[in-house]
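Okay, structure first, notes after.
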Amino acid sequence: DVKVTQSSRYLVKRTGEKVFLECVQDMDHENMFWYRQDPGLGLRLIYFSYDVKMKEKGDIPEGYSVSREKKERFSLILESASTNQTSMYLCASRRTGPLGTQYFGPGTRLLVL
Amino acid sequence: AQSVTQPDIHITVSEGASLELRCNYSYGATPYLFWYVQSPGQGLQLLLKYFSGDTLVQGIKGFEAEFKRSQSSFNLRKPSVHWSDAAEYFCAVAALGNNNDMRFGAGTRLTVKP
């Protein structure tokens, strides 16, 4: 059974803190993604990676960075958390190719106080 | 760039009734189209997808969707809704040859009345 796991289901952080969200997939997928989900806005792509050490900006990369040192792991970093980054964060992975299905993790709900 | 509109933010149906969730996309070429479901507290699960061929696509959990190029639509249907179908549903579109650029709609929340 395919699996994408995220390190935390819920996180509470303070403004200005550095926050790490970890995502691990066990399907040997080349592509990994970070989205944020907000009511009425659906999912918006923050960053994606198509290979180890490679990254591409999505639609809303400001205030975020990412790291992919190993194929199975993709980290989202909030360098200095702000209240407007309170959201649900979803990680996903997919094999390269046009017919690949995108698999999602359960999400991390982040509250920044 | 491609985009997706889900006109209905929230829909309520009675258990056993039929369901149709609307999705309209904007894209100049042949799109890849997807429907995902998100149950409370869960990640997104793929219901079905369309790439080419038969425009009526069957998915899991008894769902189907029909691609209508003339209407730029990919509506999701189910003939008889079960209480467990209560969830949020997302339509998504990806560009041919570049499906790293998948765009999601805002979602439709489905409530099922007993």
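The values are calculated or read from the model by the stated rules, or taken from the named source; none is laboratory data. For clarity, every value in this text was computed on a predicted model and none was experimentally measured. Here the Cβ is made from the backbone with ideal geometry for all residues, glycine too, and neighbour counts use every protein chain on show.
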Q | the stretch B:68-91: number of residues that are assigned to a strand (DSSP E or B) and either free of Cβ contacts under 8 Å to residues at least 12 places away in the same chain or charged (D, E, K, R) (or both) | A | 4
Q: Scan the strands (runs of 3 or more DSSP E) fully inside the stretch A:1-104 and keep the ones with 3 or more residues being closer than 25 Å to B:GLN42 by Cβ.
A: A:4-6, A:10-13, A:19-25, A:31-38, A:42-49, A:73-78, A:87-94
**Q.** Positions within the stretch B:47-62 being free of Cβ contacts under 8 Å to residues at least 12 places away in the same chain and assigned to a loop (DSSP other than H, G, I, E, B), in sequence order
**A.** B:GLY53, B:ASP54
Q) A:ARG68 passes all but one of (1) modelled with pLDDT of 95 or more; (2) farther than 26 Å from A:GLU17 by Cβ; which number fails? A) (2)
Q. From the residues in the stretch B:57-90 that are of a type in the set (A, V, I, L, M, F, W, C) and touching a Phe, Trp or Tyr at 6+ places or on another chain (Cβ under 8 Å), which one is surrounded by the most Cβ atoms within 10 Å (Cβ to Cβ)?
A. B:PHE74
Q: Considering every residue within the stretch A:23-33, establish whether at least one is away from chain B (no Cβ under 11 Å) and free of Cβ contacts under 8 Å to residues at least 40 places away in the same chain.
A: no
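Could you please give the count of residues in the stretch A:14-30 that are out of contact with any Phe, Trp or Tyr (no Cβ under 9 Å at 6 or more places or on another chain) and either closer than 13 Å to A:LEU76 by Cβ or hydrophobic (A, V, I, L, M, F, W, C) (or both)?
Step one: of the stretch A:14-30, the residues out of contact with any Phe, Trp or Tyr (no Cβ under 9 Å at 6 or more places or on another chain) are A:14-20, A:26, A:28.
Subsequent filtering for residues that are either closer than 13 Å to A:LEU76 by Cβ or hydrophobic (A, V, I, L, M, F, W, C) (or both) retains A:18-20.
Residues that pass the stated criteria total 3.
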Q) Got a sec? Which strands (runs of 3 or more DSSP E) wholly within the stretch B:1-46 have at least 3 residues that are surrounded by 20 or more Cβ atoms within 10 Å (Cβ to Cβ)? A) B:31-38
Q.
Among the listed residues B:ALA94, B:ALA106, B:ALA65, identify the single one that is closer than 19 Å to B:GLY28 by Cβ and in contact (Cβ under 8 Å) with a residue 12 or more places away in the chain.
A. B:ALA94
Q: Kindly establish whether A:VAL52 is more than 24 Å from B:GLU88 (Cα to Cα) and either among the hydroxyl-bearing types (Ser, Thr, Tyr) or more than 14 Å from every other protein chain (Cβ to nearest Cβ) (or both).
A: yes
Q) Out of curiosity, is B:TYR50 surrounded by 14 or more Cβ atoms within 10 Å (Cβ to Cβ) and within 11 Å of the chain's Cα centre (by Cα)? A) yes
Q. Does A:PHE20 satisfy being under 22 Å from B:TYR36 (Cα atoms) and under 12 Å from the mean Cα position of the chain (by Cα)?
A. no
